[in-house]
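Laboratory data are not the source of any read-out in this text; all were calculated from the coordinates shown. As the structure is a prediction and not an experimental result, all values here were calculated from the model. Ideal geometry is used to build each Cβ from the backbone, glycine not excepted, and the neighbour counts take in all protein chains shown.
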Amino acid sequence: MSVSPAALRRLMRELSELKKSPPEGIRVQTSEDNILDVIGIIEGPEGTPYAGGYFKVKFRFTEEFPAAPPKCTFATKIFHPNVSNSGEICVNTLKKDWKSTYGIGHILVTVKCLLIYPNPESALDEEAGKLLLEDYQAYASRAKLITSVHATPRTKPVEFLSSSISGEDPSEAGPSVPTSSSCVPTPFTQTPSPSSQSSLPIIVTSKPQSQSHPSPPSATALSIPLTPSPSSNKESLVSNKERHLSPSPLSTADANIENDKFKASAAVVDKNKMSLVSTTASHGPKAVKRAATGGGATNAEKRKKALKRL
């Protein structure tokens with residue numbers, strides 16, 4: 001049965017997406033001869049009587065697709081209230097609830113949910129629906145038996161192998177794209193070894209590349225060696241010989257002020273000494289005697305005054 005070119009392109013696109021990133025527990029098979037020959041494979045959900053089984057659902061598209069739903073039937077025998085012995089599926093999605101936006105993936109997910117939550121009220125298999133309502137344990141045992149016989153292969157289908165899930169060879173994958181956190185520039189630091197020369201880190205800030213999207217400048221540390229070369233050592237020795245060392249290290253401002261005061265007082269004392277020496281040298285011994293006699297006269301006068309008072 002043929003479909004419109006638009007519907008065919010839509011099916012091809014959806015099948016490609018399902019093969020690259022299929023829903024959990026769902027795979028699709030296609031035929032190279034006929035693109036419309038589509039088979040869905042549903043893995044039995046855990047915790048249900050269908051666990052461990054793989055159930056094939058065959059699709060048949062009509063000319064009305066996607067306005068009308070495709071015809072879907074179970075190709076694998078299953079004991080389920082909503083699946084007839086011929087494989088017909090009773091679900092509202094394939095009937096009155098169908099929308100043209102639905103596709104193959106939506107149908108397969110709906111059928112998988114039907115395996116988890118069967119609806120005995122609208123049963124196509126009356127025996128399974130009645131047994132589900134009256135004795136669930138008997139229903140589960142019967143469903144497990146049918147699953148183990150008809151739906152459990154010795155090995156998993158090829159579509160469920162881990163190597164075929166992604167549909168790509170890991171060795172052919174392209175290079176990984178770095179994230180924003182790994183592009184953040186970090187300053188370069190280098191730990192000097194004991195034998196290496198001492199270096200002084202200098203931080204150089206780079207400007208942002210664009211003004212429309214400013215980003216914080218990145219810092220890069222550079223190292224400039226401080227150890228002089230042999231030629232510079234010779235020049236420094238020559239300059240040290242010609243250089244005069246300062247008599248004393250510099251002191252604080254308070255200490256300098258005290259030193260200035262001490263030097264000023266010492267200069268005054270020296271000046272007084274020099275004046276005495278100069279007067280002694282000019283007048284000679286007579287000036288000394290006059291000073292001595294003058295001192296004696298004053299003492300005699302004091303004694304006379306003291307005697308008069310008595």
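Quick notes on this structure:
- Added length on full extension, which subtracts the Cα-Cα distance from 0.36 nm per residue, residue 106 to residue 67: 12.5 nm
- Taking GluC sites (Glu not before Pro) across region 2-81, the ones in a DSSP loop with at most 14 further Cβ atoms lying within 10 angstrom of their Cβ are 24, 32, 46, 63, 64.
- In terms of its alpha-carbon gyration tensor, region 32-146 comes out prolate; a/c meets the 1.5 threshold, and the first ratio a/b outweighs b/c.
- Too-long pairs where the Cα-Cα distance tops 29 Å, listed order kept, from 95/130; 56/95; 99/156; 130/156; 20/144: 99/156; 130/156; 20/144
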